[in-house]
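Just below is one structure, and these are the notes that go with it.
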Amino acid sequence: MKSFVRHIYFLLMTGLIFTGCEKDSVLIEVVQSNMENPNNMLINFSNGMIDNPVGTRSVVSMLSDHNQTMGVWGWQYTPDVDTTRLFNNHIISYDATTTDWTYNPVKYWNRTSTYKFFAYAPHNSSVQNVSVTIDSVTHRIGINGITLSGCNNVPANGTYIPGNFSNVSDTDWLIDRAGQESTGITKGKVTFIMQHILSKINVRVFRDESVADDQVVPVVVDSIMIGDFVCQGNFSQALMQNPLVETQTDIDEKISEWTLVDTLPRYTLNGIKGVTIPNHSTTYLIESLLIPQAVQGQTVQIWYTVGRDGEQKSHNYATTTLDTLFDRFVSGNSYVVNIVLNKSADLIRFDSGVTEWDSKAAYRIIEI
């Protein structure tokens with residue numbers, strides 16, 4: 001009956017009857033192929049999740065918040081143990097209007113096959129001088145030539161939302177460490193669980209309670225500098241585990257994933273100048289990506305002015321070494337430096353904390 005219906009469909013579409021067995025056979029084959037590969041048999045990709053495979057956080061960060069492209073590798077395994085590389089660093093692009101991830105040419109699921117997919121973001125074609133490879137046996141991803149050049153200055157009067165980090169001056173690199181497996185029977189969209197491979201640092205300033213009184217006129221951060229940092233590195237994946245389950249060994253291996261290339265001039269993080277720090281509030285001044293590296297002698301320097309009614313402004317300067325706060329920056333971790341401005345100008349506390357990329361944490365306090 002199905003064959004009869006297909007044949008009638010053929011007759012209606014061509015307007016020809018009995019014009020030749022060869023044409024009839026070809027078109028019927030095409031129609032059958034289309035019937036076996038409807039839209040729900042397309043291999044599609046959905047928005048990746050960042051660092052959060054089990055949904056334990058209140059806000060799930062999505063790949064499209066950070067990157068608009070990703071590179072995908074995919075292997076198809078047939079029951080006869082034949083292996084085909086379906087995707088070879090294919091570029092998958094995000095359309096913000098349709099909220100779809102698309103690619104060309106499209107691929108179709110085979111019901112009898114199994115699949116493995118691996119991904120990173122963004123696709124290296126969007127960043128100059130970066131090469132990306134995958135080992136066909138271990139499926140470990142390597143990214144060479146990652147270069148950072150600066151930091152974002154957070155607008156003094158703007159709204160800053162920690163954790164998103166979508167408007168970065170440098171490129172935020174992510175990978176799916178373990179890859180995703182599927183069968184042709186599922187026909188679902190492939191969702192990657194991405195993890196940051198760079199480090200992140202935020203710098204924010206707030207006033208100690210002792211300066212939050214009516215006698216104090218403005219407290220202004222004239223300038224702030226943190227650095228200097230190696231700005232180029234090569235990444236070679238060593239870990240396959242769930243990013244939320246870590247041991248000290250895992251952290252040590254994360255550091256070993258990076259080879260620093262210290263041939264370019266180092267860069268220093270500089271905040272915007274002349275920022276007024278309001279009473280009872282925290283002001284973000286710098287956000288930056290960092291190549292994971294050990295902290296060796298970098299300094300935190302801040303110049304600020306305290307003004308009082310009827311008195312001349314007090315110009316203040318403080319410095320400390322960054323290694324009193326952190327000994328190293330590890331990939332996938334977010335670091336927060338809180339600079340507390342004190343009224344007496346003879347005490348500044350640098351309050352630092354290490355967090356997961358977009359979650360809160362307790363902070364250590366170091367007095368200088």
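What follows draws every value from the coordinates through simple rules; no lab data is involved. Quick caveat: nothing in here was measured; it's all calculated off a predicted structure. A quick note on method: Cβ atoms are made from the backbone with ideal geometry, for glycine too, and the neighbour counts reach across all protein chains shown.
Hey, what do the phi angles of the range 94-100 turn into as Karplus ³J(HN,Hα) couplings, whole Hz, using 6.51/-1.76/1.60 and θ = phi - 60°, x for Gly and Pro?
Per-residue couplings from phi come out as 9, 9, 5, 6, 9, 6, 10 Hz.
With a Förster radius of 30 Å, plug the Cβ-Cβ distance of D65 and T305 into 1/(1 + (r/R0)^6) and report the FRET value to the nearest 0.05.
0.25
What distance in nm lies between label points placed 7 Å from Cα along the C-beta direction at T259 and S149?
2.5 nm
So what are the ³J(HN,Hα) numbers for the range 329-337, from phi and the Karplus equation (6.51, -1.76, 1.60; θ = phi - 60°), rounded to whole Hz, Gly and Pro as x?
Per residue, the Karplus-derived 3J(HN,Hα) values read 9, 10, 4, x, 9, 10, 10, 10, 10 Hz.
Measuring from a point 7 Å past the Cα of S46 along Cα-to-C-beta, which residues in the range 186-209 have an amide N at less than 16 Å?
Correct set: 186-194.
Are any of the pairs K273/K313; K200/K273; K107/K254 more than 28 Å apart by Cα-Cα distance, and if so, which?
Table pairs above 28 Å Cα-Cα are K107/K254.
Please list the non-local residues whose amide H lies under 5 Å from the amide H of T321, H modeled 1.01 Å from N, same-chain partners needing a gap of 5 or more.
Distant-sequence amide H within range of T321: V300.
Note the full-extension length gain between H280 and T186 as 0.36 nm times their separation in residues minus their Cα-Cα distance, in nm to one decimal.
Residue separation times 0.36 nm, minus the Cα-Cα distance, leaves 28.5 nm.
If I stretch the segment between S93 and I272 completely, what's the gain in nm (0.36 nm per residue apart, minus their alpha carbon distance), one decimal?
Gain on extension, S93 to I272, equals 61.1 nm.
For the pair V81 and K116, what calculated FRET efficiency results from E = 1/(1 + (r/R0)^6), where r is the Cβ-Cβ distance and R0 = 22 Å, to the nearest 0.05?
According to the calculation, E is roughly 0.95.
Once you place label points 7 Å from the Cα toward the Cβ at D100 and A238, how far apart are they in nm?
Placing both labels 7 Å along Cα→Cβ, they lie 4.2 nm apart.
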